[in-house]
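The values are calculated or read from the model by the stated rules, or taken from the named source; none is laboratory data. Remember, it's a predicted structure, so these values are computed and weren't measured experimentally. Note: ideal-geometry Cβ built from the backbone for every residue, glycine included; neighbour counts use all protein chains shown. Note: accessible area is taken over every heavy atom of the protein model, side chains too, but ligands, DNA and RNA are not part of it. Shrake-Rupley method; radii C 1.70, N 1.55, O 1.52, S 1.80 Å.
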Amino acid sequence: MKRLSIVVLVVLSHTLAARGQANYRLHDGVTLFVHNTGGQDFTFHLSVRDLNLFEHGPREVLVKVYDPWGNTLVRQVLPDDGITKPLFQIPMAAWDHEAWFHAYAQEKGAALLRWSAQSDPERLATVPKRDFTFPIRGGAKGIYRIMIVGCTDHYVTWRLEPELPYALSGHPDWLHGQGGAGMKAYVYVPRGSVGLHVALAEYDQPRQRRVVVRAPDGRELVNRSAEQIFWRQQVDFDQPGKWDDQVLTVEVSPGKNDYLLLLKLRLAKNPQINYRGELVAPAVWARDEATARAVKGGAIYHDGQVFWHGFQVRFHAWLNKLRPEDFEVRNERGELASPAPGVDLTPGKKLPLLPQRPGFLPVNGPYWHSPLCDVILHHWPAHKNRAALHLALRDLHAGLRSIGPNDHVSVALGGPFANLAYEFSNYAWHYWRPAWRILRHTDAPEEVKAIVREAFLVAGDRLAFCRSWERINGNAFAQVVAALRYCSEATGDPLQKELFDTYCDRFANGGWGERVGVGPSGPVQEGFAYEHHYGSYMLTTWQAVLTDLPDERLQRIYDGVRRWFSYTLADENIPAGAWSSRTHYYPHWKIETEGPFAWKGLPGPDFTESINHANEWFAARRKNYYILTYHGRLSPKWMSHSHLGQSGYGGGMICQLHVPGRGLVLASVLNGAYGENMDVSQWRTFRLHTLAGTQADGAPFVAADSEHFDARLVGQRVESSGAIRGTPLYARRAFTFAEKEIICEVQLQETPDTDLLTLWLKHPLRGRVREAYELIPFLPQTRPPSGTKPAPTTVAVLDDQGKIAATLDEKPALASAVIVDRGGFGVRIHFDKPRPVFRTLQGVLFIQLTDQPVLAREIQFSYRLLPFGN
């Protein structure tokens, strides 16, 4: 039986071959630039295989075909294969997560699967394939673009009939190469290039690939081997534009394993294009120099400038028909005027304003500035000034010019990459609403409206398939939803309406994967867990879309986030959200004092609740206290392994204990962002409510590094338990929310898998600890009356009559009870028996549970919290 040739990148005899079938693994998309010199009709045969490995739920494939003028010849969404039950348990979004996981597993000697084996021809041949045929009507001579976008579970195989030469571009970043042969390819350098970004990833061992990039004169620009999983390199050309219109040669040496290859041409700054970061052009890989030169990297040269799409050229030509005076904004008296506040058209000279319309809301709040066209078009209905409309159209064109040959914004930030949820959504590319305003609210000429609609059919279709890396950062992921809402309303296109509906539904209901989008407790997730600071951004950014385009689905999501903050915000701007998966900053949202989302820490009726019935956060309010505990999901260990320490803790910790009407008393807070000073080994400096210490083998443990998926509220009592990650230990927590006190219980245990792990041999140190403390964090300063300075919080040992016996300091003291007094309010803590206890200056009580080696099960502690002061 003939072997399938599943070579995914630029192996000359396969993927870039002009003859026979080609095969490719999507990361997330690929574009074929077909050189059709005669303008003949041809047929595109496509087969799709779906591994159904990484993704959760259905994943469609987008297929589009454009003629040399940019006219759409094929626009089709291929349905999922129907297999939607999740298989892969580890949440992932993009290549870096997969790479981090491989690095984490390899460092621990626990690598499980060979990444390259998924491309094995015999293995892949067992995966069912679905065949699709697309007849392409010719006519125009030149370069036809065929774009396919899916996800990393998709392998695609294609064939052109008759055979036509083509070049290939992967997007947004990578091409996937298969183990075996090396490759040699040719990459055209578009005009205005000033350098390169090059990167390689090779997950499996042995790593054998060497990448050599040669300039047209034969000089080596890059010569790197894959000694590590990933490397990247930036190259500056000797002179900007030195290699314009010439061809680079790229060679990858043979190797046993699959690999990912990236090459992007860095482009010079262009004041006529609006973008964030660095303009880049993706490499378009050709099997021969002639094809590379014919395709020109997808560039279109017109009027001395570089374009990538027919709509860009047509928009440019339309604007060029206007005279300079057509852009001069004048008021009814004929005076030069400003079309909107803050629009400075004549630096140094203050102009009168045209009539304005109140209520401008930036689509990304304070997180990125609004473009000129968005501001002008908001106010345009108040004056309907033609020159102001021309200015807005010109500015919109400048934004549209940042869209590259793969239908998305082509930029790089912080190296060769760009997360399109930031750079192509309402986060930083604010042209979705201006398009809606132009097409629906202005009297712009039909000719230019047709161009704008065409542009946003291109952009919106591609954005709807931004669903991998984009889903990791919830604050930006939410902006994809908002952008698609504007786009579908702008174009009025039925397919884009369906794409928005699908995207929104999956965003709200877990359809984009485990731990992304809206979480069970209501907020939008970030880092595969919950983020307190970034999680607040959409409360500001979504105000625009909800005002402009009211939508019950978006409103429900928004209200769910707002409701969640009514429980999780803390008084005094204390970021009492130590479960936060990214930062330690306070949210960008203020405590609400009235209405359905009023903060639960305010005085009010008693309640005990599981937030959103999700059994992750539990809250209780009584006359003398408000308490919030967290038991839910945490950022994965393999992800925190790439951070500065563990990013977020939980394990049934007390997030905050508040005395209504007075202030916070206890609060778990992080020491820094992205795990800074929060590595498990740094537990002695933590300001968390947790059980922590040292195992018998000397390794640290922190019970808050656990996820308690069995958490349940029965009556007024919460119980939960979970494995302490990275240890053979297990932790249990319980809270009973009584009328005037909270009863807290904690117990350590050996792992429930002890019987398995001791099947043949018993490890003498496993399941034993030699040091353990219960940590209780408090606010170290009082809350003084306005205009006075705070004093240190009083922390003291209580005698049997509940009176202060001695001030507690950093030296251990034997105590049955401790008081924490912030100036007339605080909490009394009564232990189950006398125990050694000390405090730190940072505001943490350390209650010693053992200083001798014991079995984990012997570590148990109960105590009562009696808040006072209101």
Can you find, among PRO240, GLY787, ILE776, the residue sitting farthest towards the positive end of the charge dipole of the chain, where Lys and Arg contribute +1 and Asp and Glu -1 at Cβ?
PRO240
Quick one: pull the percent of accessible area on region 396-520 belonging to carbon and sulfur, 1.4 Å probe, ligands and nucleic acids left out.
49 percent
³J(HN,Hα) computed for each position of region 711-724 - Karplus, 6.51 cos²θ - 1.76 cosθ + 1.60, integer Hz, glycine/proline x:
4, 9, 9, 10, x, 10, 10, 10, 10, 7, 7, x, 6, 7
What is the projected area of the convex hull of the Cα atoms of region 462-537, averaged over all directions, in nm²?
4.6 nm²
Can you tell which of ASN624, GLY601, LEU546 lies farthest toward the positive end of the dipole of region 534-668, using +1 and -1 charges on the Cβ of basic and acidic side chains (Lys, Arg; Asp, Glu)?
ASN624
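Show me 721-728, 597-604 ranked by packing, highest mean number of other Cβ atoms within 10 Å first. Let's see the in-between values first.
Details: 721-728: 21.0, 597-604: 17.9.
Highest to lowest by the protection proxy: 721-728, 597-604.
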Taking 774-783, 471-480 and ranking on average Cβ neighbours within 10 Å, highest first, one gets 471-480, 774-783
Dividing the alpha-carbon Rg of region 30-160 by 2.2 N^0.38 Å yields what?
1.28
Arrange the peptides 516-524, 97-105 so that the one whose residues have, on average, the most other Cβ atoms within 10 Å appears first.
516-524, 97-105
On a 0 to 90° scale, report how tilted helix 386-400 is relative to the longest principal axis of the chain, with both axes built from alpha carbons and the result rounded to the nearest 10.
80 degrees
Could you compute how much accessible surface MET147 exposes when probed at 1.4 Å, giving the result in Å² to the nearest 10?
0 Å²
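Please label the shape of region 750-870 as rounded, prolate or oblate, based on the square roots a ≥ b ≥ c of the eigenvalues of the alpha-carbon gyration tensor (a/c under 1.5 means rounded; beyond that, a/b larger than b/c means prolate, else oblate).
Working: a/c = 2.94, a/b = 2.50, b/c = 1.18.
Prolate shape, in that a/c is at least 1.5 and a/b is the bigger ratio.
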Add -39500 (n - 2.57) for each DSSP H run of 4 or more in the chain, then divide by its residues: what number comes out at 222 nm, to the nearest 500 deg cm²/dmol?
-6000 deg cm²/dmol
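Report Rg(Cα)/(2.2 N^0.38 Å) for region 599-658, keeping two decimals. Before the final figure, lay out each step's value.
Values: Rg = 14.4 Å, N = 60, 2.2 N^0.38 = 10.4 Å.
Normalised by 2.2 N^0.38 Å, the Cα Rg of region 599-658 equals 1.38.
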For LYS811, the aspartates and glutamates lying under 20 Å Cα to Cα, once residues fewer than eight places off in the same chain are dropped, come out as GLU771, GLU774, ASP799, ASP821, ASP851
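Hey, with R₀ at 22 Å, roughly what FRET efficiency would ARG219 and ARG293 work out to, going by the Cβ-Cβ distance, to 0.05?
On the way: r = 20 Å, r/R0 = 0.90.
That pair, ARG219 with ARG293, gives E of 0.65.
Report the convex hull volume per residue for region 700-801, counting only C-alpha atoms, in Å³.
Values: hull volume 20.8 nm³, N = 102.
Once divided by residue count, the hull of region 700-801 is 204 Å³.
Relative contact order (percent) for region 326-394, with alpha-carbon contacts under 8 angstrom and 6 or more residues of separation? List each step's numbers first, then the result.
On the way: 83 pairs, mean separation 25.0, N = 69.
36 percent.
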Taking Cα pairs closer than 8 Å and at least 6 residues apart, the relative contact order of region 486-614 in percent is 24 percent
Simple spin-label estimate for HIS641 and ARG75 in nanometres, 7 Å along Cα-Cβ
4.5 nm
Output the Kirkwood hydrodynamic radius of region 455-587, Cα pairs only, in Å rounded to one decimal.
15.1 Å
Filtered hits (lysines, Cα-Cα < 24 Å from LYS321, offset >= 8 within chain) -> LYS384, LYS449
Cα-based reach from LYS296 at 16 Å (exclusive), listing aspartates and glutamates while leaving out same-chain residues under 8 positions away:
ASP67, ASP244, ASP245, ASP288
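Taking every pair of alpha-carbon atoms in region 84-191, give the share separated by more than 24 Å as a whole percent.
Working: 2636 of 5778 pairs.
Pairs farther apart than 24 Å: 46 percent.
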Just how far, in whole angstrom, is region 139-215 from region 793-846 if you go by their alpha carbon centroids?
65 Å
With no solvent term and unit scatterers on the alpha-carbon positions of region 137-213, Debye gives log₁₀ I(q)/I(0) at q = 0.14, 0.20, 0.22, 0.27 Å⁻¹ of -0.73, -1.34, -1.47, -1.59
Between LYS350 and GLU498, the two model label points (7 Å from Cα along the beta-carbon direction) sit apart by a distance in nm of 5.6 nm
Residue by residue through region 538-544, what is 3J(HN,Hα) from phi via Karplus (6.51 cos²θ - 1.76 cosθ + 1.60, θ = phi - 60°)? Round to whole Hz and write x for glycine and proline.
5, 5, 8, 5, 7, 4, 5
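Taking 0.36 nm per residue of separation and subtracting the Cα-Cα distance, what length does fully extending LYS789 through ASP755 add?
On the way: separation 34, 0.36 × 34 = 12.24 nm, distance 5.75 nm.
Contour length minus Cα-Cα distance gives 6.5 nm.
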Using alpha carbons only, how many degrees (0 to 90, rounded to 10) separate the axis of helix 474-491 from the longest principal axis of the chain?
40 degrees
Subset of LYS803/LYS833; LYS184/LYS264; LYS85/LYS108 violating a 20 Å alpha-carbon distance limit
LYS85/LYS108
Based on the inverse mean of 1/r over its pairs of different Cα atoms, what is the Kirkwood hydrodynamic radius of region 222-300, in Å?
15.1 Å
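Taking the convex hull of the Cα atoms, report for region 200-345 its projected area averaged over all directions, in nm². Don't jump to the answer; show the numbers that get you there.
On the way: hull surface 52.9 nm².
Dividing the Cα hull surface by four gives the mean projection, 13.2 nm².
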Quick one: give the max-minus-min coordinate of the C-alpha atoms of region 562-622 along each principal axis, largest first, in Å.
32, 25, 18
Taking all pairs of distinct Cα atoms, average 1/r, flip it, and tell me the Kirkwood hydrodynamic radius of the chain in Å to one decimal place.
29.8 Å
Semi-axes of region 260-365 from the Cα gyration tensor (sqrt of 5 times each eigenvalue, largest first, whole Å) come to 40, 19, 12
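Could you tell me the convex hull volume per residue, in Å³, taken over the Cα atoms of region 27-82?
On the way: hull volume 5.7 nm³, N = 56.
Looking at region 27-82, the number lands at 102 Å³ per residue.
Counting pairs of alpha carbon atoms under 8 Å apart in space and at least six apart in sequence, what relative contact order in percent does the chain give? Provide the component values of the computation, followed by the final result.
Working: 2119 pairs, mean separation 68.0, N = 870.
After rounding, I find 8 percent.
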Principal axes first, then extents: for the Cα atoms of region 524-627, list largest minus smallest coordinate on each axis, whole Å, largest first.
43, 29, 27
